[in-house]
Amino acid sequence: MKNIFLVLGLLVSFYTYSQSTVKTETFVVKGNCDDCKERIENAADIKGVKISNWNVDKKIISVTYDSKKTDITKIQKAIAAKGYDAGDVKGDAAAYKKLPLCCQYNDRTHEEGKK
């Protein structure tokens with residue numbers, strides 16, 4: 001009987017340990033171009049993030065991360081620190097001003113040359 005409880009305890013412990021802490025979430029990140037894509041994905045590459053992919057057309061990033069090591073707010077703050085609005089976190093104004101003109105999504109004057 002003791003052995004049965006020991007085995008059951010080990011199975012429960014293994015099952016609990018094996019539960020995945022890897023999550024995938026998406027949120028809006030403002031940006032314009034492939035340069036933005038590279039900057040945004042690099043900014044999201046913090047400890048615990050496995051994969052990030054920002055869609056240039058939809059302005060949405062998909063992030064797969066280990067929830068034991070980070071959370072979605074930390075990821076959004078890391079992106080915002082580079083000047084990009086990420087989810088509910090506003091981009092850092094000083095960092096935004098340092099972005100190349102093509103990446104400054106609040107200033108649409110760069111698009112006039114495309115017309």
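Annotations for the structure displayed:
- Condition check for Tyr96: modelled with pLDDT under 95, hydroxyl-bearing (Ser, Thr, Tyr) and either touching an Asp or Glu at 6+ places or on another chain (Cβ under 9 Å) or in a helix (DSSP H, G or I) (or both): no
- If you go through the stretch 59-85 and keep only what is closer than 24 Å to Asp34 by Cβ, among the hydroxyl-bearing types (Ser, Thr, Tyr) and outside any loop (DSSP other than H, G, I, E, B), you end up with Ser62, Thr64, Tyr65.
- Subset of the stretch 49-71 (residues that are buried (at least 18 other Cβ atoms within 10 Å of the Cβ), more than 15 Å from Gly31 (Cα to Cα) and not hydroxyl-bearing (Ser, Thr, Tyr)): Val49, Val63
- The lone exception for Cys36 - which of (1) without any contact (Cβ under 8 Å) to a residue 60 or more places away in the chain; (2) buried (at least 21 other Cβ atoms within 10 Å of the Cβ); (3) in contact with a Cys (Cβ under 9 Å, 6 or more places away or on another chain); (4) not polar (S, T, N, Q) it fails: (1)
Residue-by-condition table, conditions (1) touching a helix residue (DSSP H, G or I) at 6+ places or on another chain (Cβ under 9 Å); (2) acidic (Asp, Glu); (3) within 17 Å of Cys103 (Cα to Cα):
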| position | (1), (2), (3) |
| --- | --- |
| Asp34 | no, yes, yes |
| Asn42 | no, no, yes |
| Val49 | yes, no, no |
| Tyr65 | yes, no, no |
| Gln76 | no, no, no |
| Ile79 | yes, no, yes |
| Lys82 | yes, no, yes |
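The values are calculated or read from the model by the stated rules, or taken from the named source; none is laboratory data. If you're wondering where the values come from, they're calculated on a predicted model, not measured in any experiment. Note that we place each Cβ from the backbone using ideal geometry, even for glycine, and neighbour counts take in every protein chain shown.
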